[in-house]
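Visitor: Before I ask anything, here is the structure I am working with.
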Amino acid sequence: MTSDDVPAPSLVTPVDAVSADGSAVTFVWSSVEDGNAYRLQVAETARFDTPVVDAEVGAQTAVTVGNKLPTDGQTFFWRVLVERDGEWGNPSSVESFVATTEAEAEQGPAEAADEEPVTELARAARQEATAQPFDFEDQIEKEKERGVAYEGVAASQIMGISASIIAVVLTAVAILFGWFGQVSQSAEGAAAERMQYRDIKQAEMEAAQELQQYEVVDEEEGTYRIPIDRAMDLVAREEYQQRQKPE
């Protein structure tokens, strides 16, 4: 088995663009069998062109990075590589997080106003799902002891009420799963939008840098690139000199 065949670690936290204290971010991932060491990489883009953190951490699967990241709400991406027999295997999947202050990280994302009805419904469903089920047999025995019980309680009535309670609990569970699914989809969509925005800004910055620097395009042909401002100045100067020449 080669190093590329070694399974990649699974990233545990931080994930799904969660807020984390930028002054001390703790990264956790799963261990890999036969893996000798791990390598943590953190970057501003998902392409990891210029990693902010690129460090071997030995056999540790939980590492805290302090004073390396800002706390201004910038999104970062991270991944882990595993080493076996002196070679680094394929990287893990990429996860993202938002570097914020410690207070913002502890507070977590605020609930949106338009999600309040869903939240209230889910909270009510959670209360119903966690309520203790009503024990009819115990209740009947207690009422018999007090002399107020109906001796002829039909089994069909008990079964009908029990079925109703089960239906309520199943409905509550279904509502909870639906709510959690909506929250997860919203978080994934926000992370994807932030990633696309970062990539576009990176491409614009790289294009602007090329327009403002000198570079050899083809030395043998004598082709060179100069800043666009300098090129415009030279063209204007040549045009002016041509006009000044006597006809």
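The values are calculated or read from the model by the stated rules, or taken from the named source; none is laboratory data. Small disclaimer: the values here were computed from a predicted structure and weren't measured. With ideal geometry, Cβ positions are generated from the backbone for all residues, glycine too; neighbour counts draw on all protein chains shown. When the accessible area is computed, the model is the full protein with side chains, heavy atoms only, and any ligands, DNA or RNA have been set aside. Shrake-Rupley method; radii C 1.70, N 1.55, O 1.52, S 1.80 Å.
Visitor: Can you work out which of the residues in segment 64-97 that are within 16 Å of the chain's Cα centre (by Cα) and open to solvent by 20 Å² or more (accessible area, probe 1.4 Å) is nearest to Arg194 (Cα to Cα)?
Guide: Gln74
Visitor: For segment 166-190, give me each residue that is at pLDDT 85 or above, touching a helix residue (DSSP H, G or I) at 6+ places or on another chain (Cβ under 9 Å) and among the β-branched types (Val, Ile, Thr).
Guide: Residues satisfying the conditions are Val168, Val169, Thr171, Val173, Ile175.
Visitor: Further question: Considering segment 210-237 alone, what residues qualify as being at pLDDT 75 or above and either among the hydroxyl-bearing types (Ser, Thr, Tyr) or assigned to a helix (DSSP H, G or I) (or both)?
Guide: Once the filter is applied, which keeps residues that are at pLDDT 75 or above and either among the hydroxyl-bearing types (Ser, Thr, Tyr) or assigned to a helix (DSSP H, G or I) (or both), segment 210-237 yields Tyr214, Thr223, Ile228, Asp229, Arg230, Ala231, Met232, Asp233, Leu234, Val235, Ala236, Arg237.
Visitor: Now a separate question. Scan (1) touching a residue at least 12 places away in the same chain (Cβ under 8 Å); (2) under 30 Å from Val15 (Cβ atoms); (3) open to solvent by 60 Å² or more (accessible area, probe 1.4 Å) for the single condition Gln185 breaks and write down its number.
Guide: Result: Gln185 fails condition (1) only.
Visitor: Now, a different point. Suppose we keep only residues that are at positive phi and open to solvent by 30 Å² or more (accessible area, probe 1.4 Å) within segment 2-39. Which one would you say is modelled with the highest pLDDT?
Guide: Asp16
Visitor: With of a type in the set (Asp, Glu), over 30 Å from Pro227 (Cα atoms), at pLDDT 75 or above and assigned to a helix (DSSP H, G or I) as the only criterion, which of Glu137, Glu193, Glu206 stands out? Don't jump to the end; show me each part of the working.
Guide: Numbers: Glu137 fails: at pLDDT 75 or above; Glu206 fails: over 30 Å from Pro227 (Cα atoms).
After ruling out the rest, the residue left standing is Glu193.
Visitor: Filter segment 40-63 down to residues that are under 19 Å from Ser10 (Cβ atoms), open to solvent by 40 Å² or more (accessible area, probe 1.4 Å) and among the aliphatic types (A, V, I, L, M), then give me how many there are.
Guide: Matching residues across segment 40-63 total 2.
Visitor: Check segment 189-203 and report whether any residue there is at positive phi and open to solvent by less than 100 Å² (accessible area, probe 1.4 Å).
Guide: No - not one qualifying residue is present in segment 189-203.
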